[in-house]
Number of protein chains: 2
Amino acid sequence: MGRLVMKFGGTSVATIERIQNVARHVKREVDAGNEVAVVVSAMSGKTNELVGWATEASALHDAREYDTVVASGEQVTAGLLAIALQALGIQARSWLGWQIPILTDDAHASARITGVEGGEIIARFKNAKEVAVIAGFQGIHKDSGRITTLGRGGSDTSAVAIAAAIHADRCDIYTDVDGVYTTDPRVVPKARRLDKVAFEEMLEMASQGAKVLQVRSVELGLVHNMPVFVRSSFDKPEDIDPHGMPPGTLICSEEEIVESQVVTGIAFSKDEAQISVRHIQDKPGVAASIFGPLADASINVDMIVQNVSEDGKFTDLTFTVPASEFTRAKDTIAKAKAKIGYTKLDTATDVAKVSVIGVGMRSHAGVAAKAFAALSERNINIRAITTSEIKFSLLIDAAYTELAVRTLHTLYGLDQA
Amino acid sequence: MGRLVMKFGGTSVATIERIQNVARHVKREVDAGNEVAVVVSAMSGKTNELVGWATEASALHDAREYDTVVASGEQVTAGLLAIALQALGIQARSWLGWQIPILTDDAHASARITGVEGGEIIARFKNAKEVAVIAGFQGIHKDSGRITTLGRGGSDTSAVAIAAAIHADRCDIYTDVDGVYTTDPRVVPKARRLDKVAFEEMLEMASQGAKVLQVRSVELGLVHNMPVFVRSSFDKPEDIDPHGMPPGTLICSEEEIVESQVVTGIAFSKDEAQISVRHIQDKPGVAASIFGPLADASINVDMIVQNVSEDGKFTDLTFTVPASEFTRAKDTIAKAKAKIGYTKLDTATDVAKVSVIGVGMRSHAGVAAKAFAALSERNINIRAITTSEIKFSLLIDAAYTELAVRTLHTLYGLDQA
């Protein structure tokens, strides 16, 4: 007996038949004695259709009207799932963002949740044993009374925010993968599914390309200490043991991970380009003269490496950007040459970033040193290094990506038994 | 310079291109100095898709959830039209039923409007010259805070209710016909478009099959004395003279029709079946014993004819039902035979109802008598007659329908010059 949020994405609700399958998943939890709130996305493809229409109506459309249009997708799914649940004899009603309400700021199309009113939903758990079926991805801005949306993948964030508001025991995210892996199983067949991963580790992995959850939902889980369980939506409701724990990954606080590994996972990204700015003055304001123009051009900079200069006068600075933004980034820096005052740019596009993540690093010295040695043995050259408390990242030639990932995966004992 | 409501149906907003065409219609009125509220339906086909999903999820679905699902169609169109208007440089915002709010009762799926709050829309006309783009067909039930819908064709009713709430000068209904005709032009090629028709006449015609407007929108027009102008959505915005009056039919109060004709139009319905209940006692409660069971079976009875009995003891009673409900109606009456106490039932399915409508009838005697004579000359037998203040209806053999309609159309001077 507990209180659960269950979140289902677009693929899981793509057809009425699948919505009925979701209803059976919910019934399983209700029958096991749980109080349940379900958060749903739009039917697969619907959001793209709606976005397409808004763009066709006008390429430069008002984000407030865009939100009104696209939020309709989740509204439809919420109503349909409530109907499917009622057909199974389960008391249920749909809730739209403005009905709960889920309050957000007014950053339309990428709004942030500022508060969720969970009282009425809890009261209905108690008084009517009613399942709350909640449209994900949407909220309302209190002052204007207008519908807002949270940006792509926002239903994950809705789910965790609602879980916190109704004091749920856990937030289950049903998705098309059955959990979080030590690394991409397509590259390393020996990759293992992690039973548990700390919020902080997940944040480092998610932003590196482990596209399991919207990053903000993990941040919210961390802030509210709300355990998030990533599990497969393909499991048949009938096959799941209601008393056991199914396959999946629990994202939780560090403290709940009793035997934490030094290294939890290896992330990588081949979509990188490197720009090295040579012989710039080592004085305040130089970094700003480089990254200011890049920010103005909305270019996302990832790694930044600047070494201590030998002479205290001149230094080099290296940064990476997504490969798709390489040309724009190079042009931006070239235009600002006079202001920055560099001698030349060295660039490379065939580079990859490999990151090693683990909260255990905090208490273990020499974790990175082992990696340098192992890669050196394989003749893999390390172009640049950055580190954080629970992660270090290496920039290498892209051709060596798979070899490096497999080498590190074995090195840190992540291979399956 | 005035204040207008413009209503566009599903065909007019079926694609983004057509929505952009609607935007040009709106711009035309704004440029002419009008304050404009636009009411839109769902894109053609969308409501059917949504209804289909709700039915697939469960044949017996909760009307509250059905409303949440289907109301999304108008939400999408409202947002898209606001975007298209902004792209033409017109200040515009979308309004959903719950945002205005449009208050209704809680008869989900066929709710009735109980109030519309027009103040904010008027304030924005004044302060921001902003066009209000309003999702038709939907409202909100105040106590439950849930979305309601008004039933098929409900956007017409939304439009007239909003026109009344914002004190508009006129409500323009853009539709796929260019007005209301004296009769069906497919049957009578000489049928004329009426420039003006009284609300009461329109009510009699609409319920008879002139499917131009939802009946309730005409009732609302009558109650609020709000002129409703039916006009073609196919006219190009660019071709319309902003200072003249385009082709169409103005539905208005009797007083505004200066030279009213005795007869305004001829309506007919071939979808009729006749049931005559023979030799029933002429005493209180007998009619109730017939129509009570029919009402319980949700069978719509149309004409009812009962003559004064000759002997004060026994009489016959004839009524008509839609042909599709004939078998159910006959079975219902047969089951109640003991209670009603009739000797036999005479039935006919090949019958049609022809109605002659005109507010001028009130002040002109002998209008119906002329019809009886003219039909007699054509050897058309009249099976039954009913009359109201501004209409009389004749039940005839269906084979003579077209002949009867054409004869009456000419008789009352309705043929085009």
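Conditions first: (1) within 30 Å of A:Arg18 (Cβ to Cβ); (2) surrounded by fewer than 16 Cβ atoms within 10 Å (Cβ to Cβ). A:Lys190 passes all but one, so which condition is the exception?
Every listed condition holds for A:Lys190 apart from (1).
For residues that are outside any helix (DSSP H, G or I) and at pLDDT 85 or above, tally how many sit in the stretch A:204-225. It would help to see each step written out before you state the result.
Just the residues of the stretch A:204-225 that are outside any helix (DSSP H, G or I), to begin with: A:207-214, A:225.
Checking the rest, the ones that are also at pLDDT 85 or above come to A:213-214, A:225.
Result for the stretch A:204-225: 3.
Given the condition surrounded by 21 or more Cβ atoms within 10 Å (Cβ to Cβ) and of a type in the set (Ser, Thr, Tyr), answer yes or no: does some residue in the stretch B:252-262 qualify?
Pass one, the stretch B:252-262, residues surrounded by 21 or more Cβ atoms within 10 Å (Cβ to Cβ): B:252.
From what's left, of a type in the set (Ser, Thr, Tyr): none.
No, the conditions are met nowhere in the stretch B:252-262.
Taking only the stretch B:31-41 into account, find how many residues are out of contact with any Ser or Thr (no Cβ under 6 Å at 6 or more places or on another chain) and either assigned to a loop (DSSP other than H, G, I, E, B) or not assigned by TED's automatic domain parsing to the domain that holds B:Val228 (or both).
To start, the set of residues in the stretch B:31-41 that are out of contact with any Ser or Thr (no Cβ under 6 Å at 6 or more places or on another chain) comprises B:31-38.
Those still in the list that are either assigned to a loop (DSSP other than H, G, I, E, B) or not assigned by TED's automatic domain parsing to the domain that holds B:Val228 (or both) too: B:32-34.
Here the count works out to 3.
Just to confirm my filter: which helices (runs of 4 or more DSSP H) fall fully inside the stretch A:46-119 and include at least 2 residues that are in contact (Cβ under 8 Å) with a residue 40 or more places away in the chain and more than 7 Å from chain B (Cβ to nearest Cβ)?
On the way: elements: A:46-57, A:63-70, A:72-87.
By residue number, A:63-70, A:72-87.
Within the stretch B:360-381, work out how many residues are at pLDDT 90 or above and more than 16 Å from B:Ile266 (Cα to Cα).
Adding up the residues that qualify gives 7.
Out of A:Thr318, A:Thr264, I need the residue that is among the β-branched types (Val, Ile, Thr), on the phi < 0 side of the Ramachandran plot and touching a helix residue (DSSP H, G or I) at 6+ places or on another chain (Cβ under 8 Å). Which one? Even if it seems obvious, please write down each step before you answer.
Numbers: A:Thr318 fails: touching a helix residue (DSSP H, G or I) at 6+ places or on another chain (Cβ under 8 Å).
Result of the check over A:Thr318, A:Thr264: A:Thr264.
Based on what the data block shows, is A:Ala273 closer than 28 Å to A:Thr349 by Cα, within 19 Å of the chain's Cα centre (by Cα), assigned to a strand (DSSP E or B) and among the small types (Gly, Ala, Ser)?
Numbers: closer than 28 Å to A:Thr349 by Cα: yes; within 19 Å of the chain's Cα centre (by Cα): no; assigned to a strand (DSSP E or B): yes; among the small types (Gly, Ala, Ser): yes.
For A:Ala273, the condition - closer than 28 Å to A:Thr349 by Cα, within 19 Å of the chain's Cα centre (by Cα), assigned to a strand (DSSP E or B) and among the small types (Gly, Ala, Ser) - is not met.
Scanning for something out of contact with any Gly (no Cβ under 8 Å at 6 or more places or on another chain), at pLDDT 90 or above and farther than 25 Å from B:Lys335 by Cβ, does the stretch B:276-290 turn up at least one residue?
No, the conditions are met nowhere in the stretch B:276-290.
Would it be correct to say that B:Thr320 is in a helix (DSSP H, G or I), outside the structural domain of B:Val188 (by TED's automatic domain parsing) and touching a residue at least 24 places away in the same chain (Cβ under 8 Å)?
Working: in a helix (DSSP H, G or I): no; outside the structural domain of B:Val188 (by TED's automatic domain parsing): yes; touching a residue at least 24 places away in the same chain (Cβ under 8 Å): yes.
The answer is no for B:Thr320.
When both residues are 6+ apart or on different chains and their Cβ atoms are under 6 Å apart, which pairs have a first residue that lies in the stretch A:280-307 and is under 17 Å from A:Lys339 (Cβ atoms) and part of a strand (DSSP E or B), and a second that is modelled with pLDDT under 90 and of a type outside the set (Asp, Glu)?
Close Cβ pairs satisfying both conditions: A:Ile280/A:Val286.
Please identify the pairs in which a residue from the stretch B:330-358 that is surrounded by fewer than 13 Cβ atoms within 10 Å (Cβ to Cβ) has its Cβ atom under 6 Å from the Cβ atom of a residue that is hydroxyl-bearing (Ser, Thr, Tyr) and part of a strand (DSSP E or B), counting only partners at least 6 apart or on another chain.
B:Asp346/B:Ser276
Which number in (1) crowded, with 24+ Cβ neighbours inside 10 Å; (2) closer than 30 Å to B:Ala92 by Cα; (3) hydroxyl-bearing (Ser, Thr, Tyr) marks the one condition that A:Ser144 misses?
Every listed condition holds for A:Ser144 apart from (1).
When the stretch B:120-138 is examined, which residues are found to be crowded, with 16+ Cβ neighbours inside 10 Å and either basic (Lys, Arg) or free of Cβ contacts under 8 Å to residues at least 40 places away in the same chain (or both)? So that I can check it myself, show each step before the final result.
Step one: filter the stretch B:120-138 for residues crowded, with 16+ Cβ neighbours inside 10 Å, giving B:121-122, B:124-125, B:130-138.
If the condition is that a residue be crowded, with 16+ Cβ neighbours inside 10 Å and either basic (Lys, Arg) or free of Cβ contacts under 8 Å to residues at least 40 places away in the same chain (or both), then B:Arg124, B:Glu130 are the ones that fit.
Could you grab me the full set of residues in the stretch B:356-398 that are of a type in the set (Gly, Ala, Ser) and in contact with an Asp or Glu (Cβ under 7 Å, 6 or more places away or on another chain)?
First, pick out the residues of the stretch B:356-398 that are of a type in the set (Gly, Ala, Ser): B:358, B:360, B:363, B:365-366, B:368-369, B:371, B:373-374, B:376, B:384, B:388, B:393, B:398.
Those that are of a type in the set (Gly, Ala, Ser) and in contact with an Asp or Glu (Cβ under 7 Å, 6 or more places away or on another chain): B:Gly358, B:Ala398.
What pairs come up if the first residue lies in the stretch B:1-30 and is in a loop (DSSP other than H, G, I, E, B), the second is crowded, with 20+ Cβ neighbours inside 10 Å and at pLDDT 95 or above, and their beta carbons are under 6 Å apart, counting only those six or more places apart or on different chains?
Here the result reads B:Gly2/B:Asn34; B:Gly9/B:Ser41; B:Ala14/B:Met43, each pair linking the stretch B:1-30 to a residue that is crowded, with 20+ Cβ neighbours inside 10 Å and at pLDDT 95 or above.
In the stretch B:13-24, how many are surrounded by fewer than 23 Cβ atoms within 10 Å (Cβ to Cβ) and closer than 15 Å to B:Asp235 by Cβ? Working first, answer last.
First, pick out the residues of the stretch B:13-24 that are surrounded by fewer than 23 Cβ atoms within 10 Å (Cβ to Cβ): B:14-18, B:20-21, B:24.
Among the residues that remain, those that are also closer than 15 Å to B:Asp235 by Cβ are: B:18, B:21, B:24.
Result for the stretch B:13-24: 3.
Do you know which residues across the stretch A:257-270 are charged (D, E, K, R) and not in a strand (DSSP E or B)? First the steps, then the outcome.
The first filter runs over the stretch A:257-270 and keeps only residues charged (D, E, K, R), leaving A:259, A:270.
A:Glu259 - this is the single residue of the stretch A:257-270 that is charged (D, E, K, R) and not in a strand (DSSP E or B).
A:Thr315: more than 34 Å from the chain's Cα centre (by Cα), assigned to a strand (DSSP E or B), of a type in the set (S, T, N, Q) and closer than 20 Å to A:His279 by Cα, yes or no? Spell out the reasoning first.
On the way: more than 34 Å from the chain's Cα centre (by Cα): yes; assigned to a strand (DSSP E or B): yes; of a type in the set (S, T, N, Q): yes; closer than 20 Å to A:His279 by Cα: yes.
Considered against the rule, which asks whether it is more than 34 Å from the chain's Cα centre (by Cα), assigned to a strand (DSSP E or B), of a type in the set (S, T, N, Q) and closer than 20 Å to A:His279 by Cα, A:Thr315 comes out as yes.
The values are calculated or read from the model by the stated rules, or taken from the named source; none is laboratory data. All figures in this text were calculated on a predicted structure; none of them were measured in a lab. Positions of Cβ are generated from backbone atoms using ideal geometry, with glycine treated the same way; all protein chains shown enter the neighbour counts.
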